[in-house]
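Every number in this text was worked out from the coordinates using simple rules, so none of it is lab data. None of the values given here were measured: they were computed from a predicted structure. Cβ coordinates were reconstructed from backbone atoms using ideal geometry, including for glycine residues, and neighbour counts include every protein chain displayed.
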Amino acid sequence: MKLSKGIITLIIILGVLFLIFMWGKNGYNKMVGQEEGVITAWSQVENVYQRRADLIPNLVATVKGYASHERETLEGVVNARAKATQTTIDPTNMTPESMAKFQQAQGELSQAIGRLMVVVEQYPVLKASQNFLELQAQLEGTENRITVERQKYNETARLYNTTIRLFPKNILAGIFGFEKKVYFEAQEGAESAPVVQF
């Protein structure tokens, strides 16, 4: 049984279309999976920042018990916490501006906590308090987790961004609206070491 040229041509065309479909489907699914990975990594970043925010009321209450006249510093921490928890980002629609705003709010909270720790240095009884020591250890652990989760997020975003920019997947990314994700960047001034004077 001989096949006509028309049937052979049709089979070849259908085979090529099937291969193009499979390539497109696999590429699209990979980009969706990687985008979901970025969203999941972002959720973990938010979780550890929330953990830090949850520790702050206990820390402030503990310090307040020993250093009630440090009202300005304590209010600064509370206000910075409020601002940081109100600044959120939709992980499906991140922009460099929203990331900068988020990082600024979190940076202000870190600075306020730093000022609080300087105040604590003036109260040896507070520094020796078991409750304070436990809160301080939890806060330090949380800061480490923040660093780890930010690194994981940046790596996940890098893999996703690379995928959507490589040819020929960039064509699919453009067709289906996959957009580049923003990264965490070092805070301004982080490239130079702080000056310590005794």
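Per-structure values
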| quantity | calculated |
| --- | --- |
| Potential lengthening between ALA61 and LYS127 on full extension [0.36 nm per residue; Cα-Cα distance subtracted] | 22.4 nm |
| Nearest-ten-degree value, helix 71-86 long axis tilted from longest Cα axis of the chain | 10 degrees |
| Order of LYS169, LYS152 under a 10 Å beta carbon neighbour criterion, fewest first | LYS152, LYS169 |
| Pairs of lysine residues in the chain - Cα separation under 30 Å, sequence separation of 8 or more or cross-chain | 25 |
| Dipole of segment 34-176, positive end: most advanced residue of THR92, VAL120, LEU166 [Cβ charges, Cα centre] | LEU166 |
| Relative contact order %, the chain, counting alpha carbon pairs below 8 Å whose residues are six or more apart | 30 percent |
